[in-house]
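Have a look at the structure below, then the notes.
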Amino acid sequence: MNILVLGSLAYDRIMDFPDKFSNHILPDKIHILNVCFMVNGLRELFGGTAGNIAYNLALLGEHPVIMACAGKDFDAYEKWLTGFGLPLRSVRRIPDEFTAGAYITTDQSDNQITGFNPGAMKEPCLQDIDQYDPNNTLAIVAPGNIEDMETYPEAFRQKKIQYIFDPGQSIPALGPEKIVKGLSGSKIFISNDYELEMVTRSTGMSKQDLLQRTETIITTLGENGSLVSTADGDFQIPAAPPLKVSDPTGAGDAFRAGLIKGLVSGKSIIEAAQMGSVSASFGVECQGTQCHRFTLEDYWARFESTFSNSRTN
């Protein structure tokens, strides 16, 4: 089955400051702030919503099509993704821009200062979807270029391609009207609990109102698992226990990959969400968004140990 992953590709450049920011910021001089933090070094990690979801799907044996923009510094990331058998024919290269990048400095108190350069993500991906059979295609619209997030839901609806709408951190940029339009006609609207609250407040619509426009709402709840809401009611999905918790960053994208794998495999929405929980549990075990690995044997062993008493098929 074709899987289309629309979102972002980005480098995460992470720096550790061996002190506390508060020791070097003078509160009474905050209006003329001018500081320099000497860091211990820099780690460059691969990220972005489309890249993260596609990476986790590759671990699950799928080869989704990434629909995103990348810049003139994409070569290392390109080599990484192709190493997992991911097709990049729908990645648009913007030669005059850098690939989107987050520059994150963390101090000893876990405070963070982040600068984000959207770079190539400012451009729409401009990919044609006419080649895809709507009966054999599932798409996800994840945070990325705002124009793409607005236009592709409409294109998927017209083409009758089922899609997941996942506005995430782009909720403020989209605004209530575009969010409602994007989720209307979707197979699933997915967000975390904070983002769902943002949507209901900004739109003035209740969750039941939203369910009149989408088949299913999935709300991720971190260590408390997720909640699947349909016209038939709410279904609590527990979190799959990881071996350790190192970094929750990217767990949401890992969840989405497991969910998609379940759906394209013909699983029920409940079992697909359970598969998402298992993917997320591997995602939190390593520092970074594409640093964890698992075999399919490991994956299904953890699924069975967590959900063996609640198989729905």
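The values are calculated or read from the model by the stated rules, or taken from the named source; none is laboratory data. Keep in mind that what you see is a predicted model, and the values were worked out from it rather than measured. Don't worry about glycine lacking a Cβ; one is built from the backbone with ideal geometry, like all the others, and counts go over all protein chains shown.
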The one condition residue 50 fails out of (1) surrounded by fewer than 22 Cβ atoms within 10 Å (Cβ to Cβ); (2) out of contact with any Phe, Trp or Tyr (no Cβ under 8 Å at 6 or more places or on another chain) is (1)
For the stretch 107-210, please list each of the strands (runs of 3 or more DSSP E) lying entirely inside it that holds at least 1 residues being over 19 Å from residue 227 (Cα atoms). 112-117, 137-141, 162-165
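The rows are residues; the columns are (1) more than 22 Å from residue 167 (Cβ to Cβ); (2) at pLDDT below 95; (3) touching a Leu at 6+ places or on another chain (Cβ under 9 Å).
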site	(1), (2), (3)
223	yes, yes, no
230	no, no, yes
240	yes, no, no
250	no, yes, no
276	no, no, yes
301	yes, no, no
Can you tell me which of (1) without any contact (Cβ under 8 Å) to a residue 40 or more places away in the chain; (2) under 13 Å from residue 190 (Cβ atoms); (3) crowded, with 17+ Cβ neighbours inside 10 Å is the one residue 218 doesn't meet? (1)
If I filter the stretch 257-298 down to residues being without any contact (Cβ under 8 Å) to a residue 40 or more places away in the chain and surrounded by fewer than 17 Cβ atoms within 10 Å (Cβ to Cβ), which single residue comes out as farthest from residue 242 (Cα to Cα)? 266
Counting only residues that are touching a His at 6+ places or on another chain (Cβ under 7 Å) and at negative phi, which one in the stretch 78-122 is surrounded by the fewest Cβ atoms within 10 Å (Cβ to Cβ)? 87
Would you be able to say whether some residue in the stretch 10-26 is touching a helix residue (DSSP H, G or I) at 6+ places or on another chain (Cβ under 8 Å) and either surrounded by 17 or more Cβ atoms within 10 Å (Cβ to Cβ) or β-branched (Val, Ile, Thr) (or both)? yes
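One line per residue, one yes/no per condition, for (1) closer than 27 Å to residue 133 by Cβ; (2) not in a strand (DSSP E or B):
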{"position": "4", "(1), (2)": "yes, no"}
{"position": "22", "(1), (2)": "no, yes"}
{"position": "29", "(1), (2)": "no, yes"}
{"position": "38", "(1), (2)": "no, yes"}
{"position": "50", "(1), (2)": "yes, yes"}
{"position": "63", "(1), (2)": "yes, yes"}
{"position": "79", "(1), (2)": "no, yes"}
{"position": "96", "(1), (2)": "no, yes"}
{"position": "104", "(1), (2)": "no, no"}
